[in-house]
Structures are given as structure tokens and as C-alpha cells.
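Laboratory data are not the source of any read-out in this text; all were calculated from the coordinates shown. Please read all numbers here as calculations on a predicted model, not as lab measurements. Backbone-built Cβ (ideal geometry, glycine too); neighbour counts: all protein chains shown.
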Amino acid sequence: MKGVVMMALAAAVALSGCAPSGREPDNLALVRVMGVDGAGPVTLTGVCGGANQQDVSRGTSQGETFGLARDRLPWSSTEELALTSVGYLLIGRDADLTAVLFAVLEDQDLGASATVWLAQDGALAELESCQDPATDLELLLRQGVRVPTAAQALAALCTEGQAVLPVVTAREGRLEIRGEEVWKTNR
């Protein structure tokens with residue numbers, strides 16, 4: 001019996017060296033803010049960096065649908081963009097919010113807990129005019145700005161026909177709050 005246990009232990013040790021490691025691949029940037037413009041074609045903007053990363057990097061992709069643009073976004077920069085850390089969705093006024101939120105909730109990488117913000121002059125324009133949008137949005141949250149998550153915004157749209165979103169704009173390289181707006185499903 002002792003020999004069987006020793007052989008099983010030796011096999012486990014030998015096989016543990018073959019297990020894949022949890023190391024993050026080189027040149028992988030975590031997208032923290034995703035901007036969405038248009039209902040078709042859709043333009044997505046991914047911005048990495050902020051509190052968890054040193055350098056802010058960006059990527060932009062287009063597709064006839066949110067899904068097609070989303071599939072292209074990871075390869076739209078000089079480094080691969082990972083969509084597993086998106087915490088903020090910045091929505092342009094011309095986007096189909098309901099379709100975007102359904103797509104976000106169905107995507108295994110994107111999360112239902114990402115907060116949803118309305119871009120005053122379009123997501124791409126606001127993100128290009130801003131140095132570090134993730135840090136700016138985090139500061140607004142800490143200041144008490146009420147922002148729905150993707151799940152909450154979709155629930156409000158489906159049950160009440162409208163959702164209240166905070167409006168942000170870039171000014172002097174930073175995002176700032178411009179009030180809030182009611183987004184109705186029959187826009």
C-alpha cells in the first residue's frame with residue numbers, strides 16, 4: 001500500500017510540472033474603458049492603463065455589428081487588448097444601447113458589472129480627448145456619481161422603457177460629469 005501511495009505522489013509531482021501556468025502573456029494590455037459609437041456600423045474604442053497599469057494604450061475597431069467590432073478590437077493596437085477587465089462602458093448617443101447591453105451580458109469576457117456612461121460628443125471623441133479615462137471615471141464614482149451597471153441599465157430599459165445615465169465630456173484632458181440624461185428605448 002505504501003508503494004502505491006508513493007507512486008501516486010511521484011506521478012502527481014511529475015504531472016504538476018506539465019500544468020499550464022497562470023502567467024499573463026507578454027504584450028497583453030487590459031482594456032478598462034470601452035467606448036461604443038454607432039448602431040451599424042459600430043465603432044469600439046478600447047483604452048488600457050490607469051490605476052492598474054503604467055501606460056495608457058488604445059485601440060479602435062469597426063464592424064457591422066457590436067459582435068464583429070468586438071472580435072476585431074483585441075487586434076487593433078500594437079499589443080493585444082484583453083477585454084476581461086472592462087469596468088466602464090462609454091456610450092455614444094448614436095449607439096443602440098439595448099443591443100449593446102444585451103451583447104455585453106452575453107459575452108463571457110465582458111461583465112454585467114461594468115458601469116454605463118453617456119458620452120456628450122461621442123465615445124471616440126471623448127476618449128481621444130482624455131488622458132486616463134479609467135482613473136477619471138473612478139474618481140467620479142468616488143465623488144458619489146450614481147451610475148448603473150450594464151445589468152441594471154438593461155433591466156431598466158426592459159422594464160421601464162428608459163434608463164438614467166450620467167453624461168460625461170472631456171475637458172482639459174480629463175473626463176468630467178455634465179449631468180444625467182434619460183435614455184429611452186424608442187430613441
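Side notes on the structure shown:
- Placing pseudo-labels 7 Å out from each Cα toward the beta carbon at residue 106 and residue 84 gives an inter-label distance of 2.3 nm.
- Relative to the 2.2 N^0.38 Å rule of thumb, region 86-172 has a C-alpha radius of gyration ratio of 1.04.
- The magnitude of the dipole of region 55-161, with charges of +1 and -1 set on the Cβ of Lys/Arg and Asp/Glu and taken from the Cα centre, is near 280 debye.
- Charged neighbours of residue 173, selected by a Cβ distance under 13 Å, balance to -4 (K, R count +1; D, E count -1).
- Label positions at residue 174 and residue 145, each projected 7 Å from the Cα along the C-beta direction, are separated by 1.2 nm.
- Radius 9 Å from Cβ of residue 37, net charge of other residues (Lys, Arg +1; Asp, Glu -1): 0
- Charged-residue dipole, Cβ positions (Lys, Arg, Asp, Glu), region 109-187 about Cα centre, Debye nearest 20: 280 debye
- Rounded FRET efficiency, nearest 0.05, which uses the C-beta distance separating residue 65 from residue 28 and R0 of 35 Å: 0.90
- Region 40-148 shape via C-alpha gyration tensor axes, a/c threshold 1.5: rounded
- Chain lengthening between residue 57 and residue 75 when straightened (0.36 nm per residue, less Cα-Cα): 5.2 nm
- Remark: region 65-70, residue by residue, has Karplus-estimated 3J(HN,Hα) of 10, 4, x, 5, 5, 5 Hz, where x stands for each Gly or Pro and the curve is 6.51 cos²θ - 1.76 cosθ + 1.60 at θ = phi - 60°.
- Near residue 80, the amide H atoms lying under 5 Å from its own belong to 29; only residues 5 or more places off or on other chains count, and H is placed 1.01 Å from N.
- Cβ-defined net charge surrounding residue 67, 14 Å radius [Lys, Arg +1; Asp, Glu -1]: -4
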